[in-house]
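Have a look at the structure below before the remarks.
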Amino acid sequence: MSLPGRTPCIRESELFSAKSLVKSFDAFRALGPLSFSFGTEHVLGVVGPSGCGKSTLLRLIAGLEAITWGTMELDGDPVTGARSDIAVVFQEPRLLPWASVRDNVGLGLWHLPRAQRQEAVDAALRRVNLFDFADALPKQLSGGMAQRVGIARALVAKPRLLLLDEPFAALDPLTRVKMQDHLLDIVGDEVPNVLLITHDIEEALVLSDRIIVLDGPPARIVRDIAIDLPKPRHRTGAPFQAHKAEILETLFGAADLAA
Amino acid sequence: MSLPGRTPCIRESELFSAKSLVKSFDAFRALGPLSFSFGTEHVLGVVGPSGCGKSTLLRLIAGLEAITWGTMELDGDPVTGARSDIAVVFQEPRLLPWASVRDNVGLGLWHLPRAQRQEAVDAALRRVNLFDFADALPKQLSGGMAQRVGIARALVAKPRLLLLDEPFAALDPLTRVKMQDHLLDIVGDEVPNVLLITHDIEEALVLSDRIIVLDGPPARIVRDIAIDLPKPRHRTGAPFQAHKAEILETLFGAADLAA
Amino acid sequence: MSDQAIAIDKRSGQFNGALLERLRRLGIALILPASIIAAWHLTAVSGRVPAYLLPQPLEVLNWLVRLVSTGELQRHLSTSIARAGIGFALGVSAATVLGVLTGYLLGWRRVVDPTIHALRTIPGLAWSPMFILWFGIGESSKYALIALVTFFPVYLNTMAGVAGVDRKLIEVGRVNRLSGLRMMTRILLPASLPSYFVGLRQSMGIAWIVLVAAELMGASSGIGFLLLDGQMTGRPALVMACMIIFALCGKITDIAISTIARHVLAWQDTLHTGE
Amino acid sequence: MSDQAIAIDKRSGQFNGALLERLRRLGIALILPASIIAAWHLTAVSGRVPAYLLPQPLEVLNWLVRLVSTGELQRHLSTSIARAGIGFALGVSAATVLGVLTGYLLGWRRVVDPTIHALRTIPGLAWSPMFILWFGIGESSKYALIALVTFFPVYLNTMAGVAGVDRKLIEVGRVNRLSGLRMMTRILLPASLPSYFVGLRQSMGIAWIVLVAAELMGASSGIGFLLLDGQMTGRPALVMACMIIFALCGKITDIAISTIARHVLAWQDTLHTGE
Amino acid sequence: QEHPERIAIGYGYATPSTLVLKETGWLEEQLADDGIAVEWILTRGSNQTLEFLRSGSIDFGSSAGSAAFLGHANGAPNKIVAWLSRGESTALLTLPDSGISSVEDLPGRKVAATRATEPYLFLQRALAEAGIAESEVEVVPLQHPEGRQALESGQVDAWAALDPDFSIAELRGAVVFHRDQNLITGGVLNAHADFVARYPQYVELVLQGIVWATEYIAENPDEAKALYAEAGGLEPDVAERAFARNILDQYQITDADFANVVAAGDVLRQSGSIPEDADLEATAQSLFAPEFIDAVLAR
Ligand SMILES: Nc1ncnc2c1ncn2[C@@H]1O[C@H](COP(=O)(O)OP(=O)(O)OP(=O)(O)O)[C@@H](O)[C@H]1O
Ligand SMILES: Nc1ncnc2c1ncn2[C@@H]1O[C@H](COP(=O)(O)OP(=O)(O)OP(=O)(O)O)[C@@H](O)[C@H]1O
Ligand SMILES: [Mg+2]
Ligand SMILES: [Mg+2]
């Protein structure tokens, strides 16, 4: 289904690969058919217009939605449900309203002994600058604080694959830059692979090794760009700005097409 | 309480004015004491770090929170509850899960006859590019689509004062620009006054006639800048960039102070 | 559905599929009752329990057939359905209004709610002399007793449902200048509907149950009367037949309410929404 | 609270304030019962209703005093409390486990749930011969009957609560690899707690109510027995005294459960959270 | 020699001899040597006695004679081993100014009665005797106290009464308009058929106890009356009246009883409370076990 010239591709021996992946909600097709793979690069950026199917893709990879058609493999195994080595930051904070910030962050660490869990949670809370709010309830948090709790909950699990759905959208510029820096620190090391959905093209360019541009619904890949710039990247550099222009053009063009 | 050099101010005969405004949640002071006013400018931008008290300020103005201390007047009357000439876009979409997109948008138009309401809702849905989803339920929407429904719901009310809490955070660049343009179109005309909380400094600079920079908690005004540039504004212009640099410095400096 | 539509569905296999699925679910639902009846039958015919203690299922079936064929069941049922229905309607209406009021308005709650919770635990049987006194031995005392006891589950669930509505949604109502009745119908009631339906299902069940107590008060027909008669005259098979009638009636009304609930609550985003 | 702390509170006026507020609320809560009793008294002394039909409040009070001073009430109450308590504990435990299972697992729901809803509408009174048969006329049949009827409200509320948990939160659990018991305790149960407590409050009320039916089965003490006794021997004042005892007992247990609920549910973000 | 571990006896407020037997502890004394415990279980009315008998929860229990027949015809394992009380504990009552003076006045009127009890049967038999079909009167099924209340508050015109509500109503001004001792079966002592078959000598012992208790009552009438009043929660004048109606010492099961019970059974069969094909005579035969009380009295 993918047109020549646009470059979605399937590379063998990657972490994730999908063939003819389709997701429909009743009669409404939200995604696909989509064939692509990723995993040799550390950070895969995903950008695209609102409602094009980005979150649906992420939810499929996380094993939270049933596939309507096609196949999807992680590490060679078909995806059938949530996996222990994947962590997700949802588009909304999704905190458990009855649990304190500390308990929300420690939710996935039930396999650790208490002391170790406590330590990991505290470290994560310090990271997102919410250590003072460890005992607060979700209803006492601001929007950005709640989102940071969600980020801490995912990071603390030290997953093999981290799925991020616009994780920094509700953060102020300074916090955002700090979180981006932190992500760069851990990626490839603590967290080997990241899939990052974002609306901020510059953010995608600063963090990603490869960016796919989606359009839809149904979601399809309209551009697939390798970003081979050294990190940390400077936003003012010419190659950076060239990539940015390319993506913006694709997005605005694609959107015009859809309108 | 405000330090000289920083320039929060109270101007008489404004739409809104607050004196020694304080808001505490139990023992935790989230805001104030704050004395300031606004209303002679059309768009007041509010920026500040995550958790500093921006949403709290907006909720106070909207009459959704009880004042702990001080006074607050809108049009010369003390604020005691929600008012008919104020509309709010919350930080989360807050759609009624049982109502269709159409009914969510038309929620505040119960005083209009059916035909007129239908017309206004349809127009608003076209505006946010969701006319095709008029009969969808909130659970069938993507994050950005839900946020756009929230925006449509506020705009359709044609309020005297529009309170926006990071309204465009979940939108892709193109949609975002379209929405900003739309806001510029109606402001001062259909909607005389807007208070806009945003994390995007450029967005604040493109839209606002005045920007206050908050820090906290408790929220206090650390900078109050009149933006006297002609609209539409060009992001590349020197005065624009100068303002941007000023705000970023304030923010980063203030944050460092707080850290 | 027009014939044409059915034909199309059939061709695509969807119609058959849905029907099969329904039958499959019915079959699954019948596993448990069927095993209970089988166990009962085996115990009864084994002779280890004397017949005067445990009548055979066939004997009970016999009673059912007799009741139906003589038209007695129809007579008793129609009386009881009218009583349960009217009492339920009265109780539920009052409970809905009061539940919303006390759930939303703190003032009302503080005045009315404590007393209601005290009255709630007074046994229905204790009221009956008073109800005979106040409403006579006619139908009204039966309606009143059924209304009284069906009031509480709906009241409690409505109140808790309304009191538990997310503040965020109420604020949406406020900001859109909804108040009074409009706030109720647009925000509070829809938001508490899941809880409300639980109350309805419980009250409906209780309406059937309390028929027995109601029909102790001067009734000479009704399935509660029939059950009491079976008990007074020592006919366990008749009592069991009545129990089965109660179970079936309850099940039918429960299916009705929960089918409505499933459609009305289709907006919910839960794991098995619509199941 | 230590003496010192009280002293400090007093100085700041907060202690007095909280106490006054409590008394004020108590006063408000008593308005309605007080007016009912006043109306009752006026009707009774007016002489328009003969005393053997409507006893005077003072006569009822007299009974209460007599029951307490002879120690009879204490004896009856302690028996009944044990029965209601044990039956309630049994019924609620079973209902909680089954409710969570059927709420979360579609397979369980399809097998078990339909039958439970059919059984739900069989009157408790109809069971009693069978319960006497199975459990004898000792305490066990009373526990069993109370357990049976307290089962249903908790079951229904738990099931509906669990089935109504937002899919978004269940997904959070899945993504964090919670399953089985952990999914229940961390996600399903907390999320359905508001509904669960409604079920508990109802079941507790019903545990009191059904004491009457339970103590029909060969009991010679208990407040249900006392009420029946008053009714059989034509002593309306004693019946009313028993009704008041039922109301008070119910009220006390209801306050206990709802106080626990208020603390456990403090995380809720509703209009009057904590009220 | 084989003996039961315990003997469970149902007692009621309305039967003075069982009450006295329970209070005095005579039976316990007799059985102490054999190591047999006695369990006393309160039964509320005939139908509960039969229910407890059927489930084997009690070995003995008192009920109305007609109720014993009704239960037996429907398969209960009971035997009548003695008559506990005879006397006019049932009659038809009305208020003085109701205009009802005999059964003939009843058509078109409301009459309260408790279904499947002695007073109800009495009403049915009285109507039949007067040649009135049951459908000509409006029978309102109410529990005994509520029937009395309905009569007193004028919601029904007549009431088939049973003591002690009978006496209460009389003292408050209600009047008897129809009485007929021949249409009353009286109170009997039931024993479980299995118990009768296995432990005949203990049936005799219990009957001996009843006889002893009756003699005790005759010797201590005031004490017995006080006990009767206290157990039933009755005012002294009510207790006096109801107590006086009992004839306690005609235990033996007579041919007249047989005829009476069969006649009652006929009415029960017509109203559908027992199977249409029931053999009344055979049922009564299997129900009656007169030999024990005869043996006891012969001693
Ligand atoms: N549960 C659902 N039922 C029906 N339609 C759905 C459902 N979830 C998503 N959709 C539809 O699928 C499409 C893609 O949604 P998705 O959430 O993947 O978008 P997105 O790319 O994440 O958008 P955004 O940037 O606004 O979050 C949308 O048109 C949406 O309406
Ligand atoms: N209901 C509440 N109870 C207790 N504390 C609260 C409550 N609401 C807000 N706060 C606190 O008040 C402070 C300000 O919150 P507010 O929501 O105004 O922040 P904000 O500036 O909007 O942040 P963000 O940009 O992250 O949305 C935060 O520290 C928060 O913890
Ligand atoms: Mg999305
Ligand atoms: Mg905010």
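The values are calculated or read from the model by the stated rules, or taken from the named source; none is laboratory data. In this text, all values refer to a predicted model and were calculated from it rather than measured experimentally. A quick note on method: Cβ atoms are made from the backbone with ideal geometry, for glycine too, and the neighbour counts reach across all protein chains shown. The area values use the complete protein model at the heavy-atom level, side chains included, leaving out ligands, DNA and RNA. Shrake-Rupley method; radii C 1.70, N 1.55, O 1.52, S 1.80 Å.
Leaving out ligands, DNA and RNA, what percent of the accessible area of chain D is carbon and sulfur, probe 1.4 Å? The computed percentage sits at 68. Projected over every direction and averaged, the convex hull enclosing the alpha-carbon atoms of chain E yields 14.9 nm². Taking C:ILE146, C:ILE223, C:ILE31 as the candidate residues, the one with maximal mean-square fluctuation in a Gaussian network model of chain C, Cα springs under 10 Å, is C:ILE31. Here the Karplus curve 6.51 cos²θ - 1.76 cosθ + 1.60, taken at θ = phi - 60°, turns the phi angles of region E:200-215 into couplings of x, 5, 7, 4, 5, 4, 5, 5, 4, x, 4, 4, 4, 5, 5, 5 Hz, with x standing for Gly and Pro.
Of the residues C:SER220, C:SER179, C:SER141, the one that moves most in a GNM of chain C with alpha-carbon contacts below 10 Å is C:SER179.
Its residue count N sets the reference 2.2 N^0.38 Å, and the alpha-carbon radius of gyration of chain B equals 1.01 times that reference.
Among C:242-249, A:151-158, B:180-187, sorting by the average number of other beta carbon atoms lying within 10 angstrom of each residue, highest first, gives A:151-158, C:242-249, B:180-187. Shielding value for C:238-248 is 4, the average number of Cβ atoms from other chains within 10 Å of each residue's Cβ. Charge dipole of chain B (Cα centre as origin; +1 on each Lys and Arg Cβ, -1 on each Asp and Glu Cβ, all else neutral): 320 debye, rounded to the nearest 20.
Could you tell me which of A:GLY216, E:GLY173, C:ILE257 has its Cα farthest along the dipole of the protein assembly as shown towards the positive end, charges placed at Cβ (Lys, Arg +1; Asp, Glu -1), taken about the Cα centre? Value: A:GLY216. Ratio of Rg to Rh for region B:97-158: 0.93 [Cα atoms; Kirkwood radius as inverse mean 1/r over pairs].
Residues in region E:95-116 near a label at E:GLU136, defined as backbone nitrogen under 16 Å from the 7 Å Cα→Cβ point? Within reach of a label on E:GLU136, which here means backbone N under 16 Å from a point 7 Å along Cα→Cβ, region E:95-116 contributes E:100-111.
Shape analysis of the protein assembly as shown yields a ratio of the Cα radius of gyration to the Kirkwood radius, Rg/Rh, of 1.08.
Relative to the other identical copies, B:LYS158 shows label-point distances of 6.1 nm, where the label point lies 7 Å from Cα along the Cβ direction and values run shortest first. Relative to the Cα centre, the charge distribution of the protein assembly as shown, modelled as +1 at Lys and Arg Cβ and -1 at Asp and Glu Cβ, gives a dipole magnitude of about 4620 debye. Shown are E:HIS144, C:HIS117, whose ranking by accessible area with a 1.4 Å probe and every protein chain present, most to least, is E:HIS144, C:HIS117.
The same position A:ASP85 in the other copies lies at 6.3 nm from this copy, comparing label points 7 Å beyond Cα toward the beta-carbon, shortest first. For B:ALA219, the residues 5 or more places off, or on other chains, whose built amide H falls under 5 Å of its own are B:LEU31, B:GLY32. Largest first, the three principal axis extents of the alpha carbons in chain C are 71, 65, 36 Å in whole numbers.
Look at the stretch E:271-277: the mean tally of other chain Cβ atoms within 10 Å of its residues' Cβ atoms is 2. Accessible area per residue (1.4 Å probe, heavy atoms of protein chains only) ranks A:ILE201, B:ILE67 as B:ILE67, A:ILE201, with the largest value leading. For chain E, the share of accessible area belonging to carbon and sulfur comes to 46 percent (1.4 Å probe, ligands and nucleic acids excluded).
Distance from the axis that maps chain B onto chain A is least for the Cβ of the chain B residue given, with the whole Å value, as B:ALA169, 2.
Here, region C:138-205 is characterised by an Rg to Rh ratio of 1.14, where Rg is the alpha-carbon radius of gyration and Rh the Kirkwood radius.
In the protein assembly as shown, the calculated helix contribution to ellipticity at 222 nm averages -17500 deg cm²/dmol per residue, counting -39,500 (n - 2.57) for every DSSP H run with n ≥ 4. Cα centroids of region D:78-120 and region C:117-137: 28 Å apart.
Could you sort out which of B:LYS178/B:LYS244; C:LYS142/D:LYS142; A:LYS178/C:LYS168; B:LYS158/B:LYS231; A:LYS139/B:LYS19; A:LYS19/D:LYS168 sit more than 25 Å apart by Cα distance in this structure? Over 25 Å Cα-Cα: C:LYS142/D:LYS142; A:LYS178/C:LYS168; A:LYS139/B:LYS19; A:LYS19/D:LYS168. Each copy carries a label point for D:VAL65 at 7 Å from Cα toward Cβ; from one copy, the others' points are 6.6 nm away, ordered from shortest. Taking N as the residue count of region B:143-196, its C-alpha radius of gyration divided by 2.2 N^0.38 Å amounts to 1.06. Overall, the ratio between the Cα radius of gyration of region D:67-122 and 2.2 N^0.38 Å, rounded to two decimals, is 1.76. Computed over protein heavy atoms with a 1.4 angstrom probe, the accessible surface ordering of E:GLU134, A:GLU249, E:GLU240, B:GLU14, largest first, is A:GLU249, E:GLU240, E:GLU134, B:GLU14. Across region C:214-275, the convex hull enclosing all Cα atoms gives 107 Å³ per residue. Remark: region E:79-189 is approximated by an ellipsoid whose semi-axes, taken from the C-alpha gyration tensor as √(5λ), come to 22, 16, 12 Å, largest first. Distance distribution P(r), region B:142-259, all Cα-Cα pairs, bin width 10 angstrom from 0: 12, 42, 35, 12, 0 percent.
Shielding value for B:176-189 is 0, the average number of Cβ atoms from other chains within 10 Å of each residue's Cβ. For the interface of chains C and D, what total accessible area is buried with a 1.4 Å probe, rounded to the nearest 100 Å²? The buried area between C and D, both sides summed, comes to about 6000 Å². The equivalent ellipsoid of region A:22-115 has semi-axes of 28, 17, 14 Å, largest first, where each one is the square root of 5 times an eigenvalue of the Cα gyration tensor.
Bridgeable aspartates and glutamates around B:LYS23 (alpha carbons under 13 Å apart, same-chain partners fewer than 8 residues away excluded): B:GLU65. Computed over region D:117-255, the convex hull of the alpha-carbon atoms projects to a mean area of 10.3 nm². Applied to region A:194-203, the Karplus parametrisation 6.51 cos²θ - 1.76 cosθ + 1.60 on θ = phi - 60° returns per-residue 3J(HN,Hα) values of 9, 10, 10, 8, 8, 9, 8, 4, 5, 4 Hz, with x for Gly and Pro. Peptide packing: for A:129-139, A:114-124, A:231-241, the average count of neighbouring Cβ atoms within 10 Å per residue gives the ranking A:129-139, A:114-124, A:231-241, highest mean first. For the protein assembly as shown, the share of DSSP beta bridges that are antiparallel, to the nearest 5, is 55%.
In this structure the amide hydrogen of A:VAL89, modeled in the peptide plane, comes within under 5 Å of the amide hydrogens of A:LEU163, A:LEU164, A:ASP165, none closer than 5 places in sequence on its chain. Here the Karplus curve 6.51 cos²θ - 1.76 cosθ + 1.60, taken at θ = phi - 60°, turns the phi angles of region A:91-102 into couplings of 5, 9, x, 6, 7, 6, x, 8, 9, 5, 3, 4 Hz, with x standing for Gly and Pro. Taking amide H atoms as placed 1.01 Å from N in the peptide plane, the amide H of E:TRP40 lies under 5 Å from those of E:ILE9, each 5 or more residues away in sequence or on another chain.
Within the same chain, lysines fewer than 8 places from E:LYS79 are excluded, and of the rest, those with a Cα less than 27 Å from its Cα are E:LYS22. Spread over its residues, the convex hull of the C-alpha atoms of region C:14-128 is 255 Å³ per residue.
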